[in-house]
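Q: This structure is in structure tokens; I'll ask about it shortly.
The values are calculated or read from the model by the stated rules, or taken from the named source; none is laboratory data. The shown structure was predicted, so the numbers you read here are calculated from the model rather than taken from an experiment. Glycine gets a Cβ as well: all are built from the backbone with ideal geometry, and neighbour counts include every protein chain shown. Side chains included, ligands, DNA and RNA excluded: accessible areas come from the protein's heavy atoms. Shrake-Rupley method; radii C 1.70, N 1.55, O 1.52, S 1.80 Å.
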Amino acid sequence: MTTTDLIIVSAVCVYNAEGHLLTVRKRGTDKFMHPGGKPEQGETAAEAASRELQEEVGIEVSPGQLELLGVWLAVAANEAATTIEATVFTAPGTWEAHPSAEIAEIRWLDLNGPLPEDLAPLLTDHIIPLLK
């Protein structure tokens with residue numbers, strides 16, 4: 001793998017009052033994933049996660065409030081032959097969200113129900129098994 005095959009991202013697990021996990025689908029893509037994205041120069045993983053959460057779904061959580069869930073390597077959902085290194089946080093509390101920026105659609109996922117087929121590999125391979 002070359003360095004061009006690895007993308008560093010931050011992502012956040014967010015829950016609503018029913019305990020469902022927030023997933024988002026970016027415009028022009030078909031996979032649902034956590035809200036999140038690539039850090040800007042000089043940002044920590046938590047700062048990037050906090051900024052992306054605000055930009056993508058309108059949720060304001062300071063970087064210091066985010067709780068580290070873990071760091072995983074996973075197949076990128078929307079980029080061929082690419083791996084992501086995802087630092088995943090949890091936003092404490094329950095939230096409401098609305099799609100903004102590049103988010104085309106949001107969906108709250110019931111982790112106790114059947115899982116849809118259109119989830120990103122980070123969710124299906126790492127996060128959902130950990131949360132169940």
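Q: What are the residue pairs meeting all of these: first residue in region 102-115, first residue in contact (Cβ under 8 Å) with a residue 60 or more places away in the chain, second residue open to solvent by 60 Å² or more (accessible area, probe 1.4 Å) and of a type outside the set (D, E, K, R), Cβ atoms under 9 Å, and 6 or more apart or on different chains?
A: Close Cβ pairs (under 9 Å, with a partner that is open to solvent by 60 Å² or more (accessible area, probe 1.4 Å) and of a type outside the set (D, E, K, R)) amount to Glu102/Gly28; Ala104/Gly28; Glu105/Pro99; Ile106/His98; Ile106/Pro99; Leu109/Leu115.
Q: A follow-up question, please. Out of the residues in region 1-47 meeting the condition of being surrounded by 13 or more Cβ atoms within 10 Å (Cβ to Cβ) and among the polar types (S, T, N, Q), tell me which one is nearest to Val71 (Cα to Cα).
A: The qualifying residue nearest to Val71 (Cα to Cα) is Ser10.
Q: Here's something else I'd like to know. Within region 7-61, which residues are touching an Asp or Glu at 6+ places or on another chain (Cβ under 8 Å), in contact (Cβ under 8 Å) with a residue 12 or more places away in the chain and of a type in the set (Lys, Arg)?
A: Arg25, Lys26, Arg27, Lys31
Q: For region 1-105, list the strands (runs of 3 or more DSSP E) that sit wholly inside it and hold at least 2 residues that are among the polar types (S, T, N, Q); which are they? Lay out the reasoning, then the answer.
A: Details: elements: 6-13, 21-26, 67-75, 83-90.
Filter on region 1-105 gives 83-90.
Q: So is Ala101 on the phi > 0 side of the Ramachandran plot and in contact with a helix residue (DSSP H, G or I) (Cβ under 7 Å, 6 or more places away or on another chain) or not? First the steps, then the outcome.
A: Values: on the phi > 0 side of the Ramachandran plot: yes; in contact with a helix residue (DSSP H, G or I) (Cβ under 7 Å, 6 or more places away or on another chain): yes.
Here the answer is yes, as Ala101 does meet what is asked.
Conditions tested, residue by residue: (1) open to solvent by 30 Å² or more (accessible area, probe 1.4 Å); (2) touching a Phe, Trp or Tyr at 6+ places or on another chain (Cβ under 6 Å); (3) of a type in the set (Gly, Ala, Ser); (4) at pLDDT below 95.
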residue	(1), (2), (3), (4)
Glu85	yes, no, no, no
Trp95	yes, no, no, no
Glu102	yes, no, no, yes
Leu122	no, no, no, no
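Q: So Ala76 clears everything in (1) within 27 Å of Glu18 (Cα to Cα); (2) open to solvent by less than 80 Å² (accessible area, probe 1.4 Å) except one condition, right? Which one?
A: Result: Ala76 passes all but (1).
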